[in-house]
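Computed from the coordinates by the stated procedures, all read-outs in this text should not be read as laboratory data. Remember, it's a predicted structure, so these values are computed and weren't measured experimentally. Don't worry about glycine lacking a Cβ; one is built from the backbone with ideal geometry, like all the others, and counts go over all protein chains shown.
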Amino acid sequence: MTLAFGTVFYILKKFAWPIIIQSLKDREKHIEEALQAADRTHEEMKKLQLDNEALLKKAKEERDQLMMEARKLRDKMIDEARTKANEEADRIVENAKVRIENERKAAMTDIKNQIAKTSIDIAELVLREKMKSSDAQKAYIEKLIEDKQLN
């Protein structure tokens with residue numbers, strides 16, 4: 001049995017072991033290459049993740065900048081609209097003051113005209129009452145003529 005074992009061992013050593021050892025070396029080499037590829041892939045993933053984080057940070061900064069600019073633009077537009085509204089309100093108030101002053105002057109003129117007309121009407125009534133008799137009319141006319149001649 002030892003002889004059979006020795007013979008099998010010799011045949012295996014001569015023919016099978018080199019192929020088996022070569023296969024194991026090839027497998028070890030393949031595993032080592034796969035591990036190196038995995039390490040490279042892992043490093044690339046880390047690099048990509050860092051790049052993605054940098055891009056995300058940059059995008060957030062750009063977004064914040066755009067938001068800040070948008071807020072400034074909004075505030076500027078609101079201020080401009082407020083200024084325009086205040087100017088328009090001031091213009092409307094000024095126009096209203098001018099219109100009120102014009103209407104006040106017109107009312108004062110109308111009141112003066114009414115007072116003058118009423119005064120003339122009263123004077124006319126007084127003169128008619130006073131001048132009912134023809135003697136009074138003659139005396140008044142003579143007085144007016146004398147006053148006119150003195151001037």
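Here are a few things to note about the model shown:
- Residue check for LYS148: at negative phi, in a helix (DSSP H, G or I) and surrounded by 10 or more Cβ atoms within 10 Å (Cβ to Cβ): no
- Condition met for GLU129 (part of a helix (DSSP H, G or I) and surrounded by 10 or more Cβ atoms within 10 Å (Cβ to Cβ)): no
- Selected residue [part of a helix (DSSP H, G or I) and exposed (fewer than 10 other Cβ atoms within 10 Å of the Cβ)] from ASP110, ASP90, ASP121, ASP135: ASP135
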